[in-house]
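First comes the structure, then the notes that go with it.
Derivation of every value follows stated rules applied to the coordinates shown; laboratory data play no part. What you are looking at is a predicted structure, and each value in this text was computed from that prediction instead of being measured. Virtual Cβ from ideal backbone geometry, glycine too; neighbours counted across all protein chains shown.
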Protein chains: 2
Amino acid sequence: MTLALSDQDRAWLDELAASIYLVNGLARQRAEERQQTLIKPPGSLGELETISVRLAAILGSERPAPDGATVIVAAADHGVSADGVSAFPAAVTAAMTQGLLAPTAAGTGGAAISAIARSVRADVVVLDCGVNAELPDHPQLRKVAVRRGTDNLRVGPAMSGTEAVAMIRAGADAARAAIAGGADFVVPAEIGIGNTTAAAVITARALDRHPADVTGRGTGIDDAVLDHKIAVVAEALARADAEDPVEVLAEFGGFEIAAMVGMMLATADEQRVIVLDGFVEAAAALIAVSIAPAVNDYLVATGRCAERGHGAQLADLGLRPLWDLGLRLGEGTGGALAIPVLRAAAATLREMQTFAEAGVPTE
Amino acid sequence: MTLALSDQDRAWLDELAASIYLVNGLARQRAEERQQTLIKPPGSLGELETISVRLAAILGSERPAPDGATVIVAAADHGVSADGVSAFPAAVTAAMTQGLLAPTAAGTGGAAISAIARSVRADVVVLDCGVNAELPDHPQLRKVAVRRGTDNLRVGPAMSGTEAVAMIRAGADAARAAIAGGADFVVPAEIGIGNTTAAAVITARALDRHPADVTGRGTGIDDAVLDHKIAVVAEALARADAEDPVEVLAEFGGFEIAAMVGMMLATADEQRVIVLDGFVEAAAALIAVSIAPAVNDYLVATGRCAERGHGAQLADLGLRPLWDLGLRLGEGTGGALAIPVLRAAAATLREMQTFAEAGVPTE
């Protein structure tokens, strides 16, 4: 298994990275100016003002009108889960993924993200990027896996370079399909027992941090398992000195992490909003921004998550999260929950009157 | 002008207070148990779990289905604004209120709350509780004022006891009408230049705090004006020793604060959710809870606001806010913004599968 990319894969990735525009600085400036004239004391809408300006820059309009939203849940298994780094057995990946698709009285899906997405009017698409089970056919499911789980990143590369690029492509295709279907917000999301270990290794390498600084409790491991997990992360880091972002992804990543990298690259390329929530997602963002720095300004961070290392990831990306609601489930729950708030932020910039329009005295 | 209530007013208020049920402890217990069995690691939905249980207790079902929401914006002027306690002239009250009703390209209303409410699918009702202007007739506007602004609370009672009860009734009627129209969430809200001064006096008296601890910058006053505002609050407190909640309201309140007290009492009486956001709103909540302690459990606190004293108010009410988005506008913007998050919290409890239903292994 080789990490080196084929010439064809490298060319495809370089072309995608080069095609991503910077966000629209003129729309940003106009939005900032407009915010100052709206019928309210300047700054009194707090974070909504900051977000609204960011959305204006991404969408290229000082009156942005984002509406459609798609949560793309990439699911895959991890060889490293055999090392006992998680509170749950690997079989939970398949079961959780099927929970997203199960018919229930309320509609499709009995998972948290299913309930939240219905509530906030977002679509959910599931990508099987390598779940270790034969999933049933389902209209919301795309089977894009090249195999059923990565190799154990502690002892060798998790995947080949070719596989990493295949998953980036699959994620990019899913994001473009969502956007073609009306999504202005894309929420990259994941299910994968073991994936906070992979994300911790990527984060430690990308930020040059000690494993203990960026390795957390995932779905709820105790102190002893956490110590073991940190040792696994350290062993992986010591094993390979990859620095190139796609090589880091192949060495230490998961198939679903690679797919999320692809979603982010394509969403930025389509000039839509990447809703960033969660630790594993932020590890993918570190890779995506390394591949194409212009991606950074298409990210909107929503929740601060409890996983250790998340703060360091966001600091590196220059992002401030909207809130801390204590969510640590994944599945895109945090990002989906923020969609109505992002829509509302855009609505203030788009629909409020200015003092002049309203004829309100200002002193 | 007398603060003493007529026998008839006192009887009406006592009857309303006595009719408010405690929230449903059995539904709360069932909801707590159900949260433990849903297909996720326990606690991994963070604050959403806490909120969902609170909604279950209020709505009396472990599968709560709240949907409709109405923001009731009470507007009134304040005699104390003549003392120069605000960054804006009193005329802004009328102008902001008209901004809520103005026809715009997007629909009715060019105010922040208009844009946000449309975005989150909430209705907006405006109560003229005593704006110092003749407002135009409008289908969203109810004119319930008894006069055009309070007297200056620094030098004498802001209103009579009869007037306070009249405004409590008007707010209660508005909340009941909203609930009859389908609102499960009622967002008491306000516009009123000078009303953070009134709210500071009420808060200082209710919590027995020093004026400097509970007096803030409102819409953005500078240090010198803040010092003056604190002196005004202190002078008012020294002037009158009222302790009875309705007397405190009449002495120091505003007509819109009294109306919000009525909204809260009636919403609790109808067993619906009071969405509490903002400093002036929390001052009204302190009065409402003093009148009828059972109201406390019908409150859901959304934003932490920058106004000094807000933390003390929430601590007294035993409430933890959902987030701090830096909003300090009023108009119900913070509460409205939270509606989709509250709906989503209920959706998780209502629509998620349990581990048993999903057939997911848990170890």
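Rounded to the nearest whole angstrom, the semi-axes of the ellipsoid equivalent to the protein assembly as shown, taken from the Cα gyration tensor as √(5λ), stand at 50, 27, 21, largest first.
Residues considered: A:125, A:295, A:92. Largest GNM mean-square fluctuation over chain A, using C-alpha springs under 10 Å, is found at A:92. Neighbour counts of C-beta atoms inside 10 Å place A:270, A:190 in the sequence A:270, A:190, starting with the fewest. The stretch A:67-342 has equivalent-ellipsoid semi-axes of 25, 20, 18 Å, by the square roots of 5 times the alpha carbon gyration tensor eigenvalues, sorted largest first.
Sequence-ordered 3J(HN,Hα) estimates for the stretch B:234-241 from the Karplus curve with 6.51, -1.76 and 1.60 and θ = phi - 60° stand at 5, 5, 4, 4, 6, 6, 9, 10 Hz, glycine and proline given as x. Modelled this way, with points 7 Å down the Cα-to-C-beta line, the labels at residue A:21 and residue A:67 are 2.2 nm from one another. Under 5 Å from the amide H of residue A:123 lie the amide H atoms of A:69, A:70, A:71, each residue being 5 or more positions distant or on a separate chain, with H modelled from the backbone and absent for Pro and chain starts. In percent, rounded to a whole number, the relative contact order of the stretch A:1-57 is 40, using alpha-carbon pairs under 8 Å and six or more apart. Here the Karplus relation 6.51 cos²θ - 1.76 cosθ + 1.60, evaluated at θ = phi - 60°, turns the backbone of the stretch B:11-20 into coupling constants of 5, 4, 5, 4, 5, 4, 4, 6, 7, 6 Hz, with x for every Gly and Pro. The mean sequence separation of alpha-carbon pairs under 8 Å and at least six residues apart, normalised by the residue count of chain B, gives a relative contact order of 26 percent. Candidate cross-link partners of residue A:40 among the aspartates and glutamates, defined by an alpha-carbon separation under 12 Å and a same-chain spacing of 8 or more, comprise A:49, B:331. By the rule of a C-alpha distance below 15 Å, with chain neighbours fewer than 8 residues away ignored, the aspartates and glutamates paired with residue B:143 are B:77, B:128, B:134, B:163, B:173, B:190, B:256. In chain B, the DSSP-assigned H stretches of four residues or longer account for a calculated mean residue ellipticity at 222 nm of -15000 deg cm²/dmol, using -39500 (n - 2.57) per stretch and the full residue count as denominator. Per 5 Å bin, what percent of the C-alpha pairs of the stretch A:200-307 does each bin hold, from zero upward? That works out to 2, 13, 22, 23, 19, 12, 6, 2, 0, in percent per bin. The alpha carbon centroids of the stretch B:288-363 and the stretch A:230-298 are separated by 34 Å. Bridge orientation summary for the stretch A:67-342: considering DSSP beta bridges with both residues in this region, about 10 percent are antiparallel. In the stretch B:51-90, whose amide N lies under 15 Å from the spot 7 Å out along Cα-to-Cβ of residue A:105? List them in ranges. So the set is B:61-66. Please report, to two decimal places, log10 I(q)/I(0) for the stretch B:1-92 at q = 0.13, 0.19 Å⁻¹ as given by the Debye formula with identical point scatterers on the Cα atoms and no solvent. So the normalised log intensities work out to -0.78, -0.93.
Other residues whose C-beta falls under 15 angstrom from the C-beta of residue A:345 contribute a net charge of +2, scoring Lys and Arg +1 and Asp and Glu -1. Normalised by residue number, the volume inside the convex hull of the Cα atoms of the stretch B:162-232 is 121 Å³ per residue. Each of B:173, B:7, B:67, A:297 has some number of other Cβ atoms within 10 Å of its Cβ, and from fewest to most they run B:7, B:67, B:173, A:297. Each Lys or Arg adds one and each Asp or Glu takes one away; over the other residues whose Cβ falls under 11 Å from the Cβ of residue A:257, this sums to -3.
Sorted from nearest, the other copies put their residue A:43 label points 3.7 nm away, the label point being 7 Å from Cα in the direction of Cβ. Rounded to the nearest 20 debye, the dipole magnitude of the stretch B:67-342 is 460 debye, with +1 charges on Lys and Arg beta carbons, -1 on Asp and Glu beta carbons, and the Cα centre as origin.
Toward the positive end of the charge dipole of chain A, with +1 on the Cβ of Lys and Arg and -1 on the Cβ of Asp and Glu, the farthest Cα among A:334, A:168, A:305 is that of A:334. Residue-normalised convex hull volume from the C-alpha trace of the stretch B:85-232: 137 Å³ per residue. Put simply, the amide H of residue B:193, placed in the peptide plane, has neighbours under 5 Å in B:93, leaving out anything fewer than 5 places away on its chain. Annotation for residue B:148, label-to-label distances across the other copies: 7.9 nm (shortest first, one decimal, point 7 Å from Cα along Cα→Cβ). The spacing between the stretch A:109-157 and the stretch A:1-58, judged by their C-alpha centroids, is 28 Å. Ordered by the count of other Cβ atoms within 10 Å of each Cβ, fewest first, B:54, A:34 give A:34, B:54.
Specify the angular offset, from 0 to 90 degrees and rounded to the nearest 10, of the alpha carbon long axis of helix A:195-207 from the longest principal axis of the alpha carbons in chain A. Computed tilt is about 70 degrees.
Restricting attention to the protein assembly as shown, close to 10% of DSSP beta bridges with both partner residues there are antiparallel.
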